[in-house]
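> This structure is in structure tokens; I'll ask about it shortly.
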Amino acid sequence: MDQGDLAAALAHAECVVAADGGADKALAAGIMPEAVIGDFDSLSARARREIPQERLHRIDEQDSTDFDKALRHIEAPLILGVGFLGARLDHQLAACNTLVRHAEARVILTSRDSIVLLAPPSIVLDLAPGTVVSLFPLGAVEGVSDGLEWPIAGLSFYPDGVIGTSNRALGPVEMSFTAPKMLLILPADCLDRVIEALGRTASHW
């Protein structure tokens, strides 16, 4: 977990909840998590000693990731996920899968380079011309757009078919989608604008 990513998230977050070994990263940054959720297979002995026992929430099942376990037990208007877009591709794919499995939650995954979120039914983003806007479907989904260099209307997106990576904004962008299956991937410096846009979005999936 990059300390810069954590600092950017903390500028918006009211509390920190750690997914399993993420608690060690929080402690290393001088942050005591409000809660730790996971199967604790990567939580250090030091963290178990230092974090109050009432904040440790162990879930022993192995059929889901720690990120999935955490989302099932967090209720918040917006969740910023730090450290889930790290070096391991399998972990990144699992995190993206979790976004789609929990379409009812508003979650933005952050990294040094990019942010990833499940696109809501509709969104209006105040983007600078030339901003890279990537769309990647994790299921069958269609959409319409205004303000993209290559409009998406009339396309049927599938993970093993049409995808929408490396599109570009001409300026402000408006998009709507037919199902909670589309990942929206933007440069990391768009985080504030995405948070603002989600705040204007009346409903989620």
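The values are calculated or read from the model by the stated rules, or taken from the named source; none is laboratory data. All values derive from a computational prediction rather than experimental measurement. Please note: Cβ atoms are built from the backbone with ideal geometry, for glycine as well, and neighbour counts cover all protein chains shown.
> Quick one: is Arg55 surrounded by 13 or more Cβ atoms within 10 Å (Cβ to Cβ), free of Cβ contacts under 8 Å to residues at least 12 places away in the same chain and not acidic (Asp, Glu)?
no
> So which of Asp146, Asp189, Asp126 is free of Cβ contacts under 8 Å to residues at least 12 places away in the same chain, among the acidic types (Asp, Glu) and more than 24 Å from His73 (Cα to Cα)? Give the derivation first.
Working: Asp146 fails: free of Cβ contacts under 8 Å to residues at least 12 places away in the same chain; Asp126 fails: free of Cβ contacts under 8 Å to residues at least 12 places away in the same chain.
That would be Asp189, the only listed residue that is free of Cβ contacts under 8 Å to residues at least 12 places away in the same chain, among the acidic types (Asp, Glu) and more than 24 Å from His73 (Cα to Cα).
> In the range 1-38, which residues are under 20 Å from Gln92 (Cα atoms), in a loop (DSSP other than H, G, I, E, B) and touching a strand residue (DSSP E or B) at 6+ places or on another chain (Cβ under 7 Å)?
Met1, Asp20
> Any residue at all in the range 153-170 that's under 13 Å from Cys190 (Cα atoms) and buried (at least 16 other Cβ atoms within 10 Å of the Cβ)? Step through it out loud before you land on a result.
As a first pass, look at the range 153-170 and keep what is under 13 Å from Cys190 (Cα atoms): 169.
From what is left, the residues that are buried (at least 16 other Cβ atoms within 10 Å of the Cβ) are 169.
For the range 153-170, residues under 13 Å from Cys190 (Cα atoms) and buried (at least 16 other Cβ atoms within 10 Å of the Cβ): present.
> Scan the range 69-100 for residues that are among the basic types (Lys, Arg) and either modelled with pLDDT of 95 or more or crowded, with 17+ Cβ neighbours inside 10 Å (or both) and jot them down.
Of everything in the range 69-100, just one residue is among the basic types (Lys, Arg) and either modelled with pLDDT of 95 or more or crowded, with 17+ Cβ neighbours inside 10 Å (or both), namely Lys69.
> Out of all the residues in the range 131-148, which are hydrophobic (A, V, I, L, M, F, W, C), under 17 Å from Arg193 (Cα atoms) and either at pLDDT below 95 or surrounded by fewer than 19 Cβ atoms within 10 Å (Cβ to Cβ) (or both)?
Within the range 131-148, Val132 is the sole residue that qualifies.
> Of the residues Ile79, Ile51, Ile74, which is β-branched (Val, Ile, Thr) and under 19 Å from His91 (Cα atoms)?
None of the other options fit; the residue is Ile79.
> Is it the case, given these coordinates, that Ala47 is surrounded by 18 or more Cβ atoms within 10 Å (Cβ to Cβ), over 21 Å from the mean Cα position of the chain (by Cα) and not in a loop (DSSP other than H, G, I, E, B)?
Yes: the conditions hold for Ala47.
> If Ala197 meets every condition in (1) part of a helix (DSSP H, G or I); (2) free of Cβ contacts under 8 Å to residues at least 60 places away in the same chain; (3) not β-branched (Val, Ile, Thr) apart from one, which number is that one?
Among (1) part of a helix (DSSP H, G or I); (2) free of Cβ contacts under 8 Å to residues at least 60 places away in the same chain; (3) not β-branched (Val, Ile, Thr), Ala197 violates only (2).
> Being within 17 Å of the chain's Cα centre (by Cα), of a type outside the set (S, T, N, Q), within 28 Å of Ala70 (Cβ to Cβ) and not in a strand (DSSP E or B) is true for just one of Leu109, Leu99, Leu186. Which residue is that?
None of the others qualify; the one that does is Leu99.
> Here's another thing I want to ask about it. Surrounded by 15 or more Cβ atoms within 10 Å (Cβ to Cβ), under 18 Å from the mean Cα position of the chain (by Cα) and modelled with pLDDT of 90 or more - does that describe any residue in the range 2-16?
Checked against the condition, which is being surrounded by 15 or more Cβ atoms within 10 Å (Cβ to Cβ), under 18 Å from the mean Cα position of the chain (by Cα) and modelled with pLDDT of 90 or more, the range 2-16 yields at least one hit.
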